[in-house]
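All remarks here apply to the structure that follows.
The values are calculated or read from the model by the stated rules, or taken from the named source; none is laboratory data. Note that this is a predicted model, so its numbers are computed, not measured. FYI the Cβ positions are ideal-geometry reconstructions off the backbone, even for glycines, and counts take in every protein chain you see.
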Amino acid sequence: MEFLLKRIATRRDYTIGRLYVRNELGKAYVCDTLEPPTNPTDHKASRAIPTGRYAMVITLSPRFQQWLPLLLGVPRREGIRIHAGNTALDTRGCILVGENRTVGHVLNSRKALAALIQRMKERPDGEGMWITVE
């Protein structure tokens, strides 16, 4: 299962993106995303994850006490997850999912997260999960 996170708006305090799942027709919209701000001139100072392709698994998060997607192999980072939240203050570098209906926020985050995890669980047995961040 292949996901694409396309960043569409980078601001001083946050980054908004769109999450897609790739399929035989190209890509299908899943939800909007919110991340910490990116720093295009200093990737080491950026709180957002670097662009690239990462394997994902669903594991039990010790912090959130629930099963959440975990990105693997993120340079200089550990514990990067996709989880619920509404503003950049709700993330320390993770990807928040929801609907970007208000500037700098995602809404209906828990609903979007539940739908995303359900979609991930419905993939064929043994099929890996990947996310490309652009």
Next on the checklist: Checking residue 86 against (1) buried (at least 19 other Cβ atoms within 10 Å of the Cβ); (2) touching a His at 6+ places or on another chain (Cβ under 8 Å): exactly one of these is not met. Which one?
Outcome noted: (1)
Item to check | residue 134, sole failed condition from (1) without any contact (Cβ under 8 Å) to a residue 40 or more places away in the chain; (2) loosely packed, with under 15 Cβ neighbours inside 10 Å; (3) under 14 Å from residue 2 (Cα atoms) | outcome: (1)
Item to check | Test: residue 115 is surrounded by 17 or more Cβ atoms within 10 Å (Cβ to Cβ) and either touching a residue at least 60 places away in the same chain (Cβ under 8 Å) or not β-branched (Val, Ile, Thr) (or both) | outcome: no
Checklist entry - Between residues in region 72-89 that are in contact (Cβ under 8 Å) with a residue 60 or more places away in the chain and under 13 Å from residue 34 (Cα atoms) and residues that are part of a loop (DSSP other than H, G, I, E, B) and not aliphatic (A, V, I, L, M), which pairs lie under 7 Å by C-beta distance while being six or more apart or on different chains? => result 87/104; 87/105; 88/13; 88/14; 88/36
Next on the checklist: Under 8 Å between Cβ atoms, which residue pairs at least 6 apart in sequence (or on different chains) link something in region 42-66 that is under 21 Å from residue 123 (Cβ atoms) and at pLDDT 85 or above with a partner that is of a type in the set (D, E, K, R) and loosely packed, with under 11 Cβ neighbours inside 10 Å?
Outcome noted: 58/121
